Amino acid sequence: MMPTSAAGSRHPRCQHAPGFTLIELLVVMAIMAIGSAGVMFALRDSAATQLEREALRLAALLDSARAQSRATGQAVRWRPVEGGFRFEGLAPGALPDRWLTPDTAVQGTPVVVLGPEPIIPPQSVVLASPAAPGHPMAVTTDGVRPFRVGSP
């Protein structure tokens, strides 16, 4: 029988089924693995980012407590406690009292006085985390402006 190029005829040496080779499948799987790893690392929350988030949250909470102190005329003090912090002078539950990340720690034992006077003394709280050594975050105010976050 003579090989032809007509439809439906097959050359006797081309007996493999249509599909992908093992090499092609391995290349595609490697590309998918590299892409997945890249996305995972891009979306993973680093310890430094978590500490910055804690500092921004604390700044907002201190500003809120300061506003409540001015509105009620009651002095409010913030101080760290085991596993969190406390706002003395506010009703219990008025503001959160726990860190979002359990390993967040305050360096030293600062007490922040938040009012009720419109101008308070310059104050600072330094946050640190064992998961992010060498990256402490400071929450500070000059006593006139709101609290801000930066490096100590």
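The values are calculated or read from the model by the stated rules, or taken from the named source; none is laboratory data. Fair warning: this is a prediction, and the values are worked out from it, not measured in the lab. As a convention, Cβ positions derive from the backbone with ideal geometry for all residues, glycine included, and neighbour counts pool all protein chains shown. These accessible areas exclude ligands, DNA and RNA; they are computed on the full protein's heavy atoms, side chains included. Shrake-Rupley method; radii C 1.70, N 1.55, O 1.52, S 1.80 Å.
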- Task: Starting from residues that are at pLDDT below 70 and surrounded by 10 or more Cβ atoms within 10 Å (Cβ to Cβ), keep the ones in region 1-34 and report whichever is farthest from Val106 (Cα to Cα).
- Result: Pro3
- Check whether at least one residue in region 90-103 is surrounded by 13 or more Cβ atoms within 10 Å (Cβ to Cβ), at positive phi and free of Cβ contacts under 8 Å to residues at least 60 places away in the same chain, and report yes or no. no
- Message: Restricting to region 49-64, count the residues that are among the polar types (S, T, N, Q) and either without any contact (Cβ under 8 Å) to a residue 12 or more places away in the chain or in contact with a Pro (Cβ under 7 Å, 6 or more places away or on another chain) (or both).
- Response: 1
- When you look at Ser69, is it of a type in the set (Ser, Thr, Tyr), in a strand (DSSP E or B) and on the phi < 0 side of the Ramachandran plot, yes or no? no
- Please go through region 83-92 and pick out each residue that is under 24 Å from the mean Cα position of the chain (by Cα) and more than 13 Å from Ser64 (Cα to Cα). Gly83, Gly84, Phe85, Arg86
- Message: Could you go through region 98-113 and let me know if any residue there is farther than 15 Å from Glu52 by Cβ, among the polar types (S, T, N, Q) and modelled with pLDDT of 95 or more.
- Response: no
- Message: Of all residues being among the hydrophobic types (A, V, I, L, M, F, W, C) and at pLDDT below 90 in region 35-64, which is farthest from the chain's Cα centre (by Cα)? Just the residue, please.
- Response: Ala37
- Message: Condition first: surrounded by 11 or more Cβ atoms within 10 Å (Cβ to Cβ) and either polar (S, T, N, Q) or more than 23 Å from Leu51 (Cα to Cα) (or both). Now tell me which residues in region 70-89 satisfy that.
- Response: Arg70, Thr72, Gln74, Ala75, Val76, Glu88, Gly89
- Item | Matching residues, region 129-149, being open to solvent by 20 Å² or more (accessible area, probe 1.4 Å) and out of contact with any Leu (no Cβ under 7 Å at 6 or more places or on another chain) | Pro130, Ala131, Pro133, Gly134, Thr140, Asp142, Val144, Arg145, Pro146, Arg148
